[in-house]
Structure formats: C-alpha cells, structure tokens
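The structure under discussion appears below in the form of structure tokens.
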Ligand SMILES: *Cc1c(COP(=O)(O)O)cnc(C)c1O
C-alpha cells in the first residue's frame, strides 16, 4: 500500500488550512502545525482488526494514522510495543490503597527513550521529502534519537546542545553519528543558529513542535495504549511535561480514535507533571491563562522536563483543561526519592522524569485530586541508566574471614 490518509495540515491556533506534501515549519502566525487525516476513508479501509493483525514493528503498525506514504521511507530501528507494568511494592506504603497503577515503560524503545517515536517519524518524513541533512537543538534525548534514525537512513544529522547538557546524552549522540556541538547558551540560542543555517545548508530542522511530524510519532503512545487496554483507556494519565509533544499527541490520538469509532470510552484526565524547579505550565494552569510565561533559571535533574518555554503551551493547557485534568509540580528531592524507592520495591529503574509522575500521583492522591479507585497510567519516558546513579560504598576485604553479619 503506497498512500497516506493525510487530508491537509492545519494551524493549531487559527485553524488556517495548509497544503500537504511540502515541508513546513510553523504556521503563518508562528504556531505549531497539526496533521489532519481523512478519517472517513480510514474508517472504510482499515479496522481495529487490521491493526491488531499488523506485522509491522512497534508504532509502524499504526501507519494508516501516520503521514509517511511510502513504506520504504519508514526508518526503523526495531521499535517495540512498550509494556504496561503494574506497580505493587511501590504502592504498599500509601495510606489509600490504589487499585491499579500502570507504568508505560518507554525506556525500551531504540536509544532508550520515547524520543524515538517522534524522531523516527520526523526522519522518515525528511526522507520522503528528499532531505539528506537534519538539524536539532536539544537538551538531551532528542539529539541521540535524531542521530540514530538519521544514521539509519544514511542522512547527516547536526545536533546543537547547550553546554550544560548531560555528558551521557552528548556522547551517545556523537557515538551514533550526530555532528554534535556544545553551545554556550540555552536551547533557544541553539535553535536560532539552526534557523540561520536552514537556507544555506538545506537543513530539515526538527525542533519540538516547530515541524508537524514529531507529534504524529508521539501520538502513537495514545494509539498503543488504547490497543493494549483492549480499545479502552485509563481514567488518568500522568505525563512528565516539557515541550508537551506527547501529551498533545495523545490527546490528538484519542480524538482520532473516537472519530473512527475505534473507542467509545470516556477520555482520560490528562495530568501535566513538572518539577518545582521549572514549572511554567503548572503556573499557567493555576493562573487560568492560555499561555505560559518564560521560567527564569530553570533547574531540575529531570532534564527532559527542563523546558522554560513551550511553543505548544496553549495546546498542553487546552488538553489538560478539556480533559478535566490538572497540572502539578513536585520537587527534585521527592522525584529522586521516588526513583530510588520504585527501583527497590518493584525492580523498575525509572528516569527522573518518569519518577516525577509517581511523585505527582502520590501528592494528587493525598490531596484528593485522584481517587484510589481510578485506573492510572504513569509514563516512564526514558531509561534510568542515562542518569547519574547512586554509588556503591560498601567494601569487602577478600582476606578477611567470612562474616555472615555483613549480609543479614
Ligand atoms: C523530552 C522528554 C520529556 C518531555 O517530553 P515532551 O513530550 O516534549 O513534553 C520527558 N522525559 C524525557 C526523558 C524526555 O527526554
């Protein structure tokens, strides 16, 4: 099958219709562009069973709901359906007894983070448009995902990182072929440099929400969740929110599924989780405003959600409000304590961003924002192995007689 079901593109703010088939960045008013599908045709040609019987790897099983038209342009590194893992031990200390808390473990995707979904799609679209050079400004996981997928597609990738980006992220990017630069500035400064080179180098620039396709990749988290739960959805989703691509993407996915008639359940309440060290969306939600203010001196160990300004802020806030959800911030001490606890109690080494969703769930339960009977999904967005881990301090002397009291 060589076709796509994209009907057109649309400005997410004004609804202005934009023609498909050519590369785009932001809309004429400087807002993100969304991809729209001919859902009537999809409904006629494709069914839930078609999807369930698909032999495609991971998120490519949702190809009819994705913008890539030529199957040979799908760039793949062996994507998987990420598991939903129920928490048990981690819940035992809670006063109220939650009925069902699931972790959607995105760490198992190529490059160890869910950025693989968005960048896999963006690189595939770049291939479809005939680009061979891609560029991205990034704080971390997006850079390595771009580098890996670009390498796989035989394209060149240029990755500009603020010089305080965690070394593991810049190194993994370099190791997967990304031409990686440290910039003495913030992510916005990196984006500006890429903007200046777009014409002369011919870059396909893939900044968060500044092209229409990464969100389509992240959307597959919502599609996958629905299929995994038997075409049903949880009551509440806790999502670690930086640029918000995943939250916006899932909300978009749920509406497409509703319109297709593939689900008929109540939509989940969407909860945007941030760190108290960088919580612009939480502040905007509390203030009841449409756009978030720039967050000065953003600081958190959860680097994936260290995003002081999100261009899709109004879309995040819209999804949170429409879904009757909320936005909530937790401090880094609580985040790291949750990470350590879940590793020990359930054998799951979450990333700090993923651990933040647990910390937020804990606070929300206490405050009565969620009830223990609600089915909850927490998103673990990357592998915990990419972050600083506790050091082993206990020593054992091989020459000393065995002492059982050490090990009891
Ligand atoms: C990018 C990132 C996030 C934030 O994702 P958005 O969809 O842009 O909000 C969260 N966690 C990790 C590990 C990330 O790399």
Q.
If I go through the range 385-398 residue by residue, how many of them are surrounded by fewer than 20 Cβ atoms within 10 Å (Cβ to Cβ) and within 13 Å of the ligand (Cβ to nearest atom)?
A. 1
Q: State which residue is nearest to residue 211 (Cα to Cα) when the search covers only the range 332-358 and only residues that are away from the ligand (no atom under 14 Å from the Cβ) and touching a strand residue (DSSP E or B) at 6+ places or on another chain (Cβ under 7 Å).
A: 332
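Yes or no, residue by residue, for (1) within 12 Å of the ligand (Cβ to nearest atom); (2) more than 30 Å from residue 45 (Cα to Cα):
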{"site": "242", "(1), (2)": "yes, yes"}
{"site": "246", "(1), (2)": "yes, no"}
{"site": "252", "(1), (2)": "no, no"}
{"site": "255", "(1), (2)": "no, no"}
{"site": "264", "(1), (2)": "no, no"}
{"site": "274", "(1), (2)": "yes, yes"}
{"site": "278", "(1), (2)": "yes, yes"}
{"site": "289", "(1), (2)": "no, yes"}
Q: Quickly run through the range 256-279 and pick out the residues that are within 18 Å of the chain's Cα centre (by Cα), more than 15 Å from residue 356 (Cβ to Cβ) and outside any strand (DSSP E or B).
A: 268
Q. If you take the residues in the range 211-232 that are free of Cβ contacts under 8 Å to residues at least 60 places away in the same chain and either assigned to a helix (DSSP H, G or I) or surrounded by 24 or more Cβ atoms within 10 Å (Cβ to Cβ) (or both), which one is farthest from the ligand (Cβ to nearest atom)?
A. 226
Q) Quick one: is residue 315 away from the ligand (no atom under 16 Å from the Cβ) and more than 30 Å from residue 92 (Cβ to Cβ)? A) no
Q.
Return the residues of the range 81-92 that are in contact (Cβ under 8 Å) with a residue 40 or more places away in the chain and over 16 Å from the mean Cα position of the chain (by Cα); say none if nothing qualifies.
A. 85, 87, 88, 89, 90, 92
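Residue-wise test of (1) buried (at least 18 other Cβ atoms within 10 Å of the Cβ); (2) in a loop (DSSP other than H, G, I, E, B); (3) at pLDDT 95 or above; (4) in contact with a strand residue (DSSP E or B) (Cβ under 6 Å, 6 or more places away or on another chain).
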{"position": "55", "(1), (2), (3), (4)": "no, yes, no, no"}
{"position": "59", "(1), (2), (3), (4)": "yes, no, yes, no"}
{"position": "63", "(1), (2), (3), (4)": "yes, no, yes, no"}
{"position": "67", "(1), (2), (3), (4)": "yes, yes, yes, yes"}
{"position": "79", "(1), (2), (3), (4)": "yes, yes, yes, no"}
{"position": "82", "(1), (2), (3), (4)": "yes, yes, yes, yes"}
{"position": "85", "(1), (2), (3), (4)": "no, no, yes, yes"}
{"position": "96", "(1), (2), (3), (4)": "no, yes, no, no"}
{"position": "103", "(1), (2), (3), (4)": "yes, no, yes, yes"}
Q. Hey, among 370, 307, 377, 320, which residue is within 24 Å of residue 83 (Cα to Cα) and within 16 Å of the ligand (Cβ to nearest atom)?
A. 377
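The values are calculated or read from the model by the stated rules, or taken from the named source; none is laboratory data. These numbers were taken from a predicted model, which means no experiment stands behind them. Every residue, glycine as well, gets a Cβ built from its backbone with ideal geometry; the counts of neighbours run over all protein chains shown.
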